[in-house]
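Novice: Okay, handing you the structure first.
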Amino acid sequence: MAIQLKTRRGFLGRLAAAGAGGWALKQGVLTPPPAAAGVPEQYPGVGVPVQYPDVSKLPWHWDNGVKVFRLVAEPVKRELIPGTVLDLWGYSGSAPGPMIEVNEGDRVRILFENHLPEPTAIHWHGLEVPNDMDGVPGITQPYIVPSGRFTYEFTLRQNGTYFYHSHMAMQEMLGMIGPFIIHPKIPYSPAVQQDFAIVLQEYAVLPGNTVPNTMSMEYNWLTMNGKSAPAITPLIVRLGDRVRVRLMNLGMDGHPIHLHGMEFWLTGTEGGRQPVSNWIRRNTVWVAVAQAWDCEFAADNPGVWLLHCHLPHHMMNHMASTVGPMTRGYGLPANVGMPTSMGMIGGGSALSRHYGASLGRGTGLETYGTPEANGPQSPAERMAAMPGMAARKQGMQPPSTIAPNANQVRGFPQDAYMESPRMNMDSAVASPETHGLPPGWSGFLGGMEMLVRVLHPKEYDEIQELRRQAGREE
Ligand SMILES: [Cu+2]
């Protein structure tokens with residue numbers, strides 16, 4: 001396998017021999033465009049294109065043997081779940097930024113522009129670049145001032161899962177990170193049929209705000225590729241596929257990412273591909289800050305599986321699970337007088353954006369008392385406080401999922417499905433990838449929770465056809 005292929009013909013020939021003919025031509029990134037006359041042939045790169053659900057890839061063009069990208073730092077809006085739009089800073093239209101997908105051996109030039117209202121610079125996390133390309137303002141280069149530009153150019157000697165980010169700490173916390181994936185010269189073995197990139201981020205958003213509080217140490221919005229569950233697009237794989245998931249984290253917390261149903265091998269870190277003797281078999285990987293992990297598994301267990309952060313508070317949106325104490329109590333409005341902020345006056349649902357308790361503090365429930373003072377809201381009242389949310393009363397919510405004496409049990413409620421209709425937003429987050437999920441599925445996911453659907457070939461083909469019809473990248 002480890003044969004260097006120096007010609008385009010050889011590369012395509014090899015693809016055909018490997019039975020992988022179709023994809024290379026569909027994807028711009030991996031198909032080497034003709035090199036300019038007199039320019040050494042680029043290493044073609046190997047492997048399937050990396051899928052980056054819910055975000056895009058950065059386009060590029062050749063300039064005399066150099067792959068040229070244009071990357072813009074700018075304010076962006078990002079809808080985490082339907083109806084919740086944050087004001088973030090990102091790159092070229094999104095936070096996280098678009099994927100830069102290249103090949104080992106490439107020479108790349110990034111034409112960088114700063115459309116932020118303050119200086120910035122961009123750091124290539126983990127890449128062995130010349131010192132003056134490292135992107136640390138004031139140390140390796142001048143600040144890039146508003147409307148300023150800077151050209152980064154270097155040759156890629158590594159391969160693996162890397163990323164780029166602002167080297168200004170608070171800008172990072174507003175979203176400024178993106179993946180930088182380098183395919184190897186020599187193919188990884190065994191080959192995978194599906195390769196996904198997932199960027200883990202977190203934001204602290206106070207009630208009624210759209211701008212994250214970057215000073216906070218406590219987070220209430222947890223995202224995968226800039227989306228929170230249930231709006232995170234499921235990963236679609238075919239039964240029998242070998243799958244790689246590349247996890248990247250740039251925030252304040254580590255995230256123990258756990259896969260249901262199948263164990264995986266850790267085959268790579270932010271330091272690139274690891275020798276097989278270093279691979280570790282796990283079902284949970286702690287993705288610490290500034291780390292990347294490549295997880296590979298055989299998708300041999302059909303079904304709908306979760307891939308999620310296992311920190312309980314990271315499985316909710318704005319620190320409010322759709323079940324448990326927050327659905328039962330009233331929320332507390334922000335910026336109010338002491339009686340209200342102490343929980344003495346209730347108003348609005350704790351699940352509403354404007355009355356959500358401040359980052360999980362002061363829910364209005366005493367942990368040592370009975371919760372009777374915060375009695376259940378009526379279903380009508382609750383639904384009125386949740387515009388945009390669909391409720392399914394029938395078939396979803398048996399009338400009594402709690403014990404008759406529940407209020408007498410200290411600690412109650414925690415994860416009870418309560419008296420009101422369970423919330424879901426199935427239709428609001430519907431996509432080809434959610435086709436066929438059980439009704440009400442979206443009411444059970446929040447925060448950093450993603451679905452991995454291991455599908456029989458017929459179902460897989462059906463969803464791929466829907467994706468094609470929707471114009472989605474395969
Ligand atoms: Cu987490």
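Novice: Could you please find all residues in the range 290-312 being under 11 Å from His255 (Cα atoms) and either of a type in the set (Phe, Trp, Tyr) or within 11 Å of the ligand (Cβ to nearest atom) (or both)?
Specialist: His308, Cys309, His310, Leu311, Pro312
Novice: Among the residues of the range 143-163, count how many are under 16 Å from Arg107 (Cβ atoms), loosely packed, with under 15 Cβ neighbours inside 10 Å and hydroxyl-bearing (Ser, Thr, Tyr).
Specialist: Matching residues across the range 143-163 total 2.
Novice: Do any residues in the range 448-469 that are buried (at least 17 other Cβ atoms within 10 Å of the Cβ) have Cβ atoms under 6 Å from those of residues that are modelled with pLDDT under 95 and part of a helix (DSSP H, G or I), where the two are at least six apart or on different chains, and which pairs are they?
Specialist: Matching pairs, first to second residue: Met448/His314; Glu449/Met315.
Novice: Take residues that are in the same structural domain as Val285 (by TED's automatic domain parsing), within 15 Å of the ligand (Cβ to nearest atom) and of a type outside the set (Lys, Arg) and tell me which of the strands (runs of 3 or more DSSP E) falling wholly in the range 193-256 contain 3 or more.
Specialist: The strands (runs of 3 or more DSSP E) meeting that bar are 194-203, 221-224, 242-249.
Novice: Taking the range 118-142 as the search range and keeping residues that are over 26 Å from Trp62 (Cα atoms) and within 26 Å of the chain's Cα centre (by Cα), which one is surrounded by the most Cβ atoms within 10 Å (Cβ to Cβ)?
Specialist: Among those that are over 26 Å from Trp62 (Cα atoms) and within 26 Å of the chain's Cα centre (by Cα), it is Thr120.
Novice: Residue pairs, Cβ under 6 Å, 6 or more apart or interchain, first in the range 246-265 and under 15 Å from Phe196 (Cβ atoms) and of a type in the set (Lys, Arg), second near the ligand (Cβ under 9 Å from one of its atoms) and part of a loop (DSSP other than H, G, I, E, B). List them.
Specialist: The qualifying pairs do not exist here.
Condition check ((1) under 22 Å from Met315 (Cα atoms); (2) at pLDDT 95 or above; (3) part of a strand (DSSP E or B)) across all residues:
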position	(1), (2), (3)
Phe412	yes, no, no
Tyr417	yes, no, no
Ser420	yes, no, no
Asp426	yes, no, no
Pro439	yes, no, no
Val452	yes, yes, yes
Glu462	no, yes, no
Glu474	no, no, no
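Novice: Say we look at the range 257-274 and pick out the residues that are hydrophobic (A, V, I, L, M, F, W, C) and assigned to a strand (DSSP E or B); which of these is farthest from the ligand (Cβ to nearest atom)?
Specialist: Per the criteria, the residue is Trp265.
Novice: Still on this model: Would you check if Val66 is surrounded by fewer than 20 Cβ atoms within 10 Å (Cβ to Cβ) and outside the structural domain of Thr155 (by TED's automatic domain parsing)?
Specialist: No: the conditions fail for Val66.
Novice: Related question: For Ile81, only one of the following conditions fails: (1) in contact with a Gly (Cβ under 8 Å, 6 or more places away or on another chain); (2) buried (at least 22 other Cβ atoms within 10 Å of the Cβ). What is its number?
Specialist: Going through (1) in contact with a Gly (Cβ under 8 Å, 6 or more places away or on another chain); (2) buried (at least 22 other Cβ atoms within 10 Å of the Cβ) one by one, Ile81 breaks only (1).
Novice: Only one residue in Leu127, Leu111, Leu88 is part of a strand (DSSP E or B) and closer than 22 Å to Asn249 by Cβ, so which one is that?
Specialist: Answer to the selection: Leu88.
The values are calculated or read from the model by the stated rules, or taken from the named source; none is laboratory data. Note that the structure is a prediction, hence the values are computed from the model and not measured. Methodologically, a virtual Cβ is constructed for each residue, glycine included, from the backbone with ideal geometry; neighbour enumeration extends over all protein chains shown.
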